[in-house]
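Engineer: Quick one: this structure, given as C-alpha cells, is what I'll be asking you about.
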Amino acid sequence: MSERPPRVVPALAPGTRGLRRDPALVALSREHHGVLVRALDLKRAAQRPAGDPAVVAAARAFLATWEAEMRGHFADEEQELLPAARGFDPEGVRRIADEHREMEALAASLATALVRGDDLRPVCAELGPLLDDHVRYEERAFYETLQRHLGAEQLARIGQALEARRAERGVSACPAPPSPPAR
Ligand SMILES: [Fe+2]
Ligand SMILES: [Fe+2]
C-alpha cells in the first residue's frame, strides 16, 4: 500500500538509560507508555490466526484508547508542539503531522473493518508498527530536539497550555505516582 521510504527511528545513544523529560512534556510522555502497549497488542494481533478472538480484542482495546486518549494527545501535539518547532525542525513537524493523518485513516479503517466483520489483521499489521515507530521517534528525536531548542520559559508556557487543554477535556494531567505502601 505505501511506497514511501522506510521510517527511520533513531537508536538511543549507547549507554543511555532513559531520556530526561522536561516537566512540560512529562504527561505526553506518560501517555506514550499506554500507546506503546496498544502498538504491541496490534503487532501481536497481526500475527495471530484468522478468527482468533484476540485480534478483535486488540482492535477494540486500541479503538477505546484512540477515542479516550490518542485523539486528544495528537491534537495537543499539533496545537502546542508543532507550531513551536516549525522554525528549527520543519522535517520533524511534517513527519509527525503526516503520521498523525495516516494513523487517523488507519483507525477509521480498523473501526469500519470491525463493524463489517472483515479480517482486521492487515490493518493491525500497518497500524501497530506505525504507532510504535511514531512514539519512539517522538521520544528519541522530536521531543529531545524541542527540549534542546526551547528555553525554560517557553517550555513552561507550553506545559501550561497542555495542562489547560487536558483540563478542558477532563483528562487528568499527570497522575501522581502510587504512594508507597503503608508500614
Ligand atoms: Fe504524535
Ligand atoms: Fe505523541
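Engineer: What number of residues within segment 75-97 satisfy the criterion of being within 14 Å of ligand 2 (Cβ to nearest atom) and either acidic (Asp, Glu) or not in a helix (DSSP H, G or I) (or both)?
Structural biologist: Narrowing segment 75-97 to residues within 14 Å of ligand 2 (Cβ to nearest atom): 75-82, 85, 92-93, 95-97.
Pick out the ones that are also either acidic (Asp, Glu) or not in a helix (DSSP H, G or I) (or both) and you get 76-78, 80.
Total meeting the criteria: 4.
Engineer: Continuing with the same structure: Would you please name the residue that is nearest to ligand 2 (Cβ to nearest atom), looking only at residues in segment 39-51 that are surrounded by 15 or more Cβ atoms within 10 Å (Cβ to Cβ) and of a type in the set (Gly, Ala, Ser)?
Structural biologist: The extreme case among them is Ala39.
Engineer: Tell me, yes or no, whether segment 51-74 has at least one residue that is in contact with a Ser or Thr (Cβ under 8 Å, 6 or more places away or on another chain) and on the phi < 0 side of the Ramachandran plot.
Structural biologist: No, segment 51-74 contains no residue that is in contact with a Ser or Thr (Cβ under 8 Å, 6 or more places away or on another chain) and on the phi < 0 side of the Ramachandran plot.
Engineer: On the basis of being within 16 Å of ligand 1 (Cβ to nearest atom), in a helix (DSSP H, G or I) and crowded, with 18+ Cβ neighbours inside 10 Å, does Leu36 make the cut?
Structural biologist: no
Engineer: Continuing with this model, one more query. Go through Gly159, Gly128, Gly170 for me and flag whichever is modelled with pLDDT under 95 and either at positive phi or in a helix (DSSP H, G or I) (or both).
Structural biologist: Gly170
Engineer: Kindly indicate which of Leu150, Leu146 is aliphatic (A, V, I, L, M) and within 14 Å of ligand 1 (Cβ to nearest atom).
Structural biologist: Answer to the selection: Leu146.
Engineer: Just the residues that are within 16 Å of ligand 1 (Cβ to nearest atom) and either hydrophobic (A, V, I, L, M, F, W, C) or closer than 16 Å to Leu63 by Cβ (or both), please, taken from segment 93-125.
Structural biologist: Val93, Ile96, Ala97, Met103, Glu104, Ala105, Leu106, Ala107
Engineer: Please count how many residues of segment 57-82 are in contact (Cβ under 8 Å) with a residue 40 or more places away in the chain and surrounded by 15 or more Cβ atoms within 10 Å (Cβ to Cβ). Explain how you work it out, then say what you get.
Structural biologist: Our first condition is that a residue be in contact (Cβ under 8 Å) with a residue 40 or more places away in the chain; within segment 57-82, this holds for 58-60, 62-63, 66, 69, 72-73, 75-77, 79-81.
With the extra rule that they be surrounded by 15 or more Cβ atoms within 10 Å (Cβ to Cβ), the set shrinks to 58-59, 62-63, 66, 69, 72-73, 76-77, 80-81.
Summing the residues that are in contact (Cβ under 8 Å) with a residue 40 or more places away in the chain and surrounded by 15 or more Cβ atoms within 10 Å (Cβ to Cβ) in segment 57-82 gives 12.
Engineer: Now for a separate question. Go through the residues of segment 99-109 one by one and say whether even a single one is within 20 Å of Ala156 (Cα to Cα), polar (S, T, N, Q) and either part of a helix (DSSP H, G or I) or without any contact (Cβ under 8 Å) to a residue 60 or more places away in the chain (or both).
Structural biologist: So far as segment 99-109 goes, no, none of its residues is within 20 Å of Ala156 (Cα to Cα), polar (S, T, N, Q) and either part of a helix (DSSP H, G or I) or without any contact (Cβ under 8 Å) to a residue 60 or more places away in the chain (or both).
The values are calculated or read from the model by the stated rules, or taken from the named source; none is laboratory data. The shown structure was predicted, so the numbers you read here are calculated from the model rather than taken from an experiment. Don't worry about glycine lacking a Cβ; one is built from the backbone with ideal geometry, like all the others, and counts go over all protein chains shown.
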